[in-house]
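Okay, structure first, notes after.
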Amino acid sequence: MKCLAWLDGTVCNLSEATVPLEDRSYLFGDGVYEVIKIYNKKPFFLKSHLKRLQNSAEAIEIKIPHSIEDIERSIFDLIEKSACVEGYLYMQISRGSAKRDHLLPQGTKSSMVMYVRELSSPGSLEEIQPADCITYPDERWFNCYIKSVNLLPNVIARHKADEKGAVEAIFYRPGGIVTEGTRTNVFAVIDGIVRTHPESRLILSGITRMIALEILDTMDIKFSEEAFNLEELKNASEVWTTSTGMEILPVARIDGQPVSDQVPGPVCHELIKRFWRKVEETCYDGGKR
Ligand code: PDD
């Protein structure tokens, strides 16, 4: 495939794409973004991602510079031109380019960029590498529902996880309340009930989280959008994360302690199978991936 970028309607090679030095998303992190998985050349749950993009932009008073219909058309066109079969599409909206000033600029036009890159997902349960996670204080702001490009606390926490040989850091707020991962939502099976932090300002309302909850609703298991604490997390019989890039990822160890002897556990195992079925129904006309 070709890695192509789209800059407000102009398509070029990703390696040649540039943004102005005074772009506010570069200077201030003054922008919002989305990451959309592509399966079989189709953007998965595109409408839900675009709705969240609109909510994020509205929350920080950025006007999206193109109509949603034009953005949808451009996404399909970019995927087609890139010949991307399985990958992801990254999109970012910046408040625009203006002389550096903390004050929001008047009359500056916002800008939008997108690009496509290859990313394959595991094709079978055997290919899934259960994750090692650490726990880490959630030092982010209180508007985590906005998918803002300000990701420094997430980046640092991810680095701390990597230093310990782990792939994800699970955030907790003072008092030990578990919120989410640096780039994932977190689920745990506690006393036979699947729990995940409720939608609030403390988490990003993940699209994969939403799909997982819809699937859980069709399964013979109780679930509840109720926060849990570190002790409950560490004593859970199953833990997994959800995200666009890593789908449903079972967690094997937290801070070096095994979650359970069976990874993925039975609930996570069934959820992964049903998630893949959903991908096949949505992007492969029900056929096999
Ligand atoms: N991250 N929580 C946070 C903080 C995230 O950044 C993400 C996504 C999620 C999961 O959301 P979704 O299921 O819609 O991908 C939860 C993206 C993939 C990223 O920053 O790369």
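The values are calculated or read from the model by the stated rules, or taken from the named source; none is laboratory data. These numbers come from a predicted model, not from an experiment. Please note: Cβ atoms are built from the backbone with ideal geometry, for glycine as well, and neighbour counts cover all protein chains shown. Only protein heavy atoms, including side chains, enter the accessible area calculation; ligands, DNA and RNA are left aside. Shrake-Rupley method; radii C 1.70, N 1.55, O 1.52, S 1.80 Å.
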| remark: Those GluC sites (Glu not before Pro) from the range 85-145 that are DSSP loop and have at most 12 other Cβ neighbours within 10 Å turn out to be Glu139
| Taking Cα pairs under 8 Å and at least six residues apart, what relative contact order does the range 125-283 come out at, in percent? | 25
| task | Post the alpha-carbon centroid distance, the range 114-128 to the range 169-198, in whole angstrom. | result | 24
| task | Using a/c under 1.5 as the rounded threshold, could you call the range 202-243 rounded, prolate or oblate? The axes a ≥ b ≥ c are square roots of the C-alpha gyration tensor eigenvalues, and prolate needs a/b larger than b/c, oblate otherwise. | result | oblate
| query | If you line up the long axis of helix 152-163 against the longest principal axis of the chain, both from Cα atoms, how many degrees apart are they, to the nearest 10? | reply | 50
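For the range 144-252, which trypsin sites (Lys or Arg not before Pro) pass both filters: DSSP loop (anything but H, G, I, E, B) and at most 16 other C-beta atoms within 10 Å? Could the numbers behind the result be given before it?
On the way: sites: Lys147, Arg158, Lys160, Lys164, Arg183, Arg195, Arg201, Arg209, Lys222, Lys234; in loops: Lys147, Lys164, Arg183, Arg201.
Sites meeting the loop and neighbour criteria: Lys164, Arg201.
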| request: Using Cα centres only, tell me the gap between the range 87-113 and the range 1-64 in whole Å. | output: 10
| task | With a cut-off of at most 12 other beta carbons within 10 Å, and DSSP calling the residue loop, which GluC sites (Glu not before Pro) in the range 44-75 qualify? Please list them. | result | Glu61
| remark: Taking chymotrypsin sites (Phe, Trp or Tyr not before Pro) as exposed when in a DSSP loop with at most 12 other Cβ atoms inside 10 Å, the chain has its longest clean stretch at 143-289
| Helix 68-82 sits at what angle to the longest principal axis of the chain, using alpha carbons and giving 0 to 90 degrees rounded to 10? | 80
| message | Tell me the per residue accessible area of the range 125-283 using a 1.4 Å probe; a whole number in Å² is fine. | response | 46
| note | Dividing the mean separation of Cα pairs under 8 Å (6+ apart) by the residue count of the chain yields a relative contact order in percent of 17
